[in-house]
1. May I ask you to list the trypsin sites (Lys or Arg not before Pro) in the range 245-310 that are in a DSSP loop and have at most 15 other Cβ atoms within 10 Å of their Cβ?
2. So what's the range 157-314 giving for Rg/Rh, alpha carbon basis, Kirkwood Rh from the mean inverse pair distance?
3. Hey, fewest Cβ within 10 Å first, where do W56, W107 land in order?
4. Treating the angle as unsigned and between 0 and 90°, give the value, to the nearest 10°, between the Cα long axis of helix 282-298 and the longest Cα principal axis of the chain.
5. Could you give the dipole magnitude of the chain about its Cα centre, charging the beta-carbon of Lys and Arg +1 and that of Asp and Glu -1, in debye to the nearest 20?
6. Would you tally the net charge around D149, using a Cβ to Cβ cut-off of less than 11 Å, leaving D149 out, and scoring K and R as +1, D and E as -1?
7. Rank-order 67-74, 214-221 by packing density, defined as the average count of other C-beta atoms within 10 Å over each peptide's residues, highest first.
8. Sort R82, R113 so the one with the fewest other Cβ atoms within 10 Å of its own Cβ comes first.
Amino acid sequence: MISLNNDTRKLLEQLGPMAADTQVLIALYDAEDRLQFANPAFRSAFFIATDQQPLWADIMRCNYSLKRGTVIAAVNFEEWLRSTQSRRGKVSFRAFETDLHDGRWLWMTETVRENGWMLCIASDITRIRANERDLRQDRDVAIKAAQTDELTGVANRRYVMARLQELLGVPAAADQTLGCLAIFDIDNFKYINDSLGHHAGDMILRDFAGLIQAQVRRTDCFGRVGGEEFVLVMPRTSTDEAASIIHCMLAIVRDSRPLPDPSDFSYTFSAGLAVARGGDMLAEVYRRADLALYGAKVAGRDRLQINIDSPSEGKR
């Protein structure tokens, strides 16, 4: 459990009495997506005891298995979770509809601060005509499909590039560090496809996406941009911090055994990391990360290479 600073603790103390008697659902999650505050209406709707502070994923997982809380129309819960987490909390504000097993329909808003804390507020809109709800839900489903890679369930190129463009659009002094961009590429993927078949290749892509997404912070955005290439956008992250996270990812993937036959099959990936700075264009940041990725491949694969261009060199 993370410790709360004085300002946050005072905010929660003030929010509690104000939210106690309202039927509006109110919840506050920290940067790790752990519930830090929820009013009685929210706890009742999602079956959370007064003394519980679970992760959002655990709330969804528990309620899905017991067929209560949010209606999740998915055969494979973990695939649904991966797809949802790849977009959850990646923009500063999002609004959508969701329905509960008890028959209620909720209008949910998510407001995210720069530090990753998320305020969720939901209102009961059950009385709105069902055909209007269906139209809006169909719209939400279409938006999700347009933002999701169909094979792996993580964000697609369009969505992750939009998050990178948003990062570069943050007002900043020239050459001020805004965050980091990493490009991942599964090693020897063509050989894997040729020797084991495309079905095995698809299993590896899904395994890789799931392993990496499970390690991604909510403030970051991870997605597949094509073939065996993936991108990780890391706002407000130093090079050292990003490198530490990616080294953990390298180790996790290295230990994976995703295929039933051959059961001892393992694979690796290479990563290129570049800093995004004030005044950078998207193509320039991507070029630096791509050059670093190439360096990782040349150096032997299964490793991270960091772009070491100075700000002035990066502007050439």
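1. R301
2. Values: Rg = 15.7 Å, Rh = 15.9 Å.
Reported Rg/Rh, Kirkwood definition of Rh: 0.99.
3. W107, W56
4. 60 degrees
5. On the way: 39 positive and 43 negative charges, 103 e Å.
Using Cβ point charges on Lys, Arg, Asp and Glu, the chain gives about 500 debye.
6. Charge balance near D149 sits at +4.
7. Answer by packing, highest mean first, reads 214-221, 67-74.
8. Ordered from fewest to most neighbouring Cβ atoms within 10 Å, R82, R113 come out as R113, R82.
Read-outs: derived from the displayed coordinates by stated rules, not from any lab. Everything numeric in this text was worked out from a predicted model, so none of it was measured. Here the Cβ is made from the backbone with ideal geometry for all residues, glycine too, and neighbour counts use every protein chain on show.
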